[in-house]
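Colleague: First the structure, then my questions, so here it is.
The values are calculated or read from the model by the stated rules, or taken from the named source; none is laboratory data. These figures come from a predicted structure and were not determined experimentally. Cβ placement follows ideal geometry from the backbone for every residue including glycine, while neighbour counts extend to all protein chains displayed. In case anyone asks, the SASA skips ligands and DNA or RNA and just uses the protein heavy atoms, side chains included. Shrake-Rupley method; radii C 1.70, N 1.55, O 1.52, S 1.80 Å.
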Amino acid sequence: MNFHAKHTQLIKSEAKRLGFLSCGISQAGFLEQEAPRLENWLKQNMHGEMSYMENHFDKRLDPTKLVEGSKSVISLLLNYFPSEEQKDPEAPKISKYAYGTDYHFVIKDKLKQLLHFIQEEIGDVHGRAFVDSAPVLDKAWAAKSGLGWIGKNSNLLTQQVGSFYFIAELIVDLDLEYDTPVTDHCGTCTACIDACPTQAIVDPYVVDGSKCISYFTIELKEEIPNSYKGQFDDWMFGCDVCQDVCPWNRFSKPHNEPLFNPKPELLEMTKKDWEEITQEVFSKVFQKSAVKRTKFSGLNRNIEFLKS
């Protein structure tokens, strides 16, 4: 077994030990196919007010510009599918990824451990960890690394496990063995396109971010346009519709990351509890949660918008 193969095996088995669902590796370089797609998407203003999407265009497409001397992109998936969901069927809904502790902290910690392991076992390796907070096209890298294909809802889908997972990367200056992409298994299915409450999937594989419920409830800072009244399907933070209806998510299994377990009261809260939520309750229920991003005022705005 050559060095590259040996190092690759070491990294993949440590990723598994740290609780990652899977690990795929691809060669760091310019993402040729993504470049025109990203440019087109931005030109059509599908990023809405997410102006940060326009920044660092070249770095988004070429990790060697992001991490000096980088050779490999190690892509990792971490399951967040919950064992239980909110109890009251009439309560405003929270996207499943935000049930527990903010994933940025949970994953960053695991990535640091993985990088530390690589440095201990393999030697003087330099790299950076990314959890959707930097200009890295994580879905494109995960697909290139054979971890799944990008579906018609623009999420990464995997045959055995569906799509309820986070994607993260380590970009390192180490040559490794590279994986190959898998084929697309969406076929003629249009479940996600048909089910999207705001018709945000404007073409197969193209999501207009500025029409997406997740965008309105998390990214948009001002008032939600009135023309969307009654179209939110009770989502107050994020939206899981295009994942919930995806046939591949029949294979989702509950995660085993204790930090992703929600505070019990979050699942128990009724429609009335949410409509009467106070700053104090918000701070308690979402103590270390990604929901803090909208702040109390933002969540309140979303809950008010859901009232007919």
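Colleague: If Ala140 passes every condition in (1) surrounded by 20 or more Cβ atoms within 10 Å (Cβ to Cβ); (2) in contact with an Asp or Glu (Cβ under 6 Å, 6 or more places away or on another chain); (3) of a type outside the set (D, E, K, R); (4) more than 27 Å from Trp41 (Cβ to Cβ) but one, which one does it miss?
Modeller: Of everything listed in (1) surrounded by 20 or more Cβ atoms within 10 Å (Cβ to Cβ); (2) in contact with an Asp or Glu (Cβ under 6 Å, 6 or more places away or on another chain); (3) of a type outside the set (D, E, K, R); (4) more than 27 Å from Trp41 (Cβ to Cβ), Ala140 misses just condition (4).
Colleague: Tell me, yes or no, whether segment 167-177 has at least one residue that is open to solvent by 20 Å² or more (accessible area, probe 1.4 Å), over 23 Å from His56 (Cα atoms) and free of Cβ contacts under 8 Å to residues at least 60 places away in the same chain.
Modeller: no
Colleague: Let me ask you something else. Tally up the residues in segment 110-131 that are without any contact (Cβ under 8 Å) to a residue 40 or more places away in the chain and within 12 Å of Leu77 (Cα to Cα), please.
Modeller: Residues in segment 110-131 being without any contact (Cβ under 8 Å) to a residue 40 or more places away in the chain and within 12 Å of Leu77 (Cα to Cα): 1 in total.
Colleague: Pairs please, first residue from segment 37-53 and closer than 21 Å to Glu222 by Cβ, second anywhere and surrounded by fewer than 17 Cβ atoms within 10 Å (Cβ to Cβ) and among the basic types (Lys, Arg), Cβ atoms under 8 Å, 6+ apart in sequence or on different chains.
Modeller: Glu49/Lys221
Colleague: Checking Ile150 against (1) aliphatic (A, V, I, L, M); (2) touching a residue at least 60 places away in the same chain (Cβ under 8 Å); (3) under 30 Å from Ala5 (Cα atoms), which single condition isn't satisfied?
Modeller: Single failed check for Ile150: (2).
Colleague: On to the next question. Suppose we filter Val172, Val241, Val206 for residues that are on the phi < 0 side of the Ramachandran plot and touching a Lys or Arg at 6+ places or on another chain (Cβ under 8 Å); which single one remains?
Modeller: Result: Val172 is the single residue among Val172, Val241, Val206 that is on the phi < 0 side of the Ramachandran plot and touching a Lys or Arg at 6+ places or on another chain (Cβ under 8 Å).
Colleague: Kindly provide the set of residues from segment 144-157 that are open to solvent by 20 Å² or more (accessible area, probe 1.4 Å) and either within 14 Å of the chain's Cα centre (by Cα) or hydrophobic (A, V, I, L, M, F, W, C) (or both), ordered by number.
Modeller: Correct list: Ile150, Ser154, Asn155.
Colleague: Can you list the helices (runs of 4 or more DSSP H) lying wholly within segment 185-278 that have 2 or more residues being more than 25 Å from Lys307 (Cβ to Cβ), open to solvent by 20 Å² or more (accessible area, probe 1.4 Å) and not charged (D, E, K, R)?
Modeller: Answer list for segment 185-278: 191-195.
Colleague: Just to verify a result, which residue in segment 285-304, among those that are in contact with a helix residue (DSSP H, G or I) (Cβ under 8 Å, 6 or more places away or on another chain) and open to solvent by 60 Å² or more (accessible area, probe 1.4 Å), is modelled with the lowest pLDDT?
Modeller: Arg293
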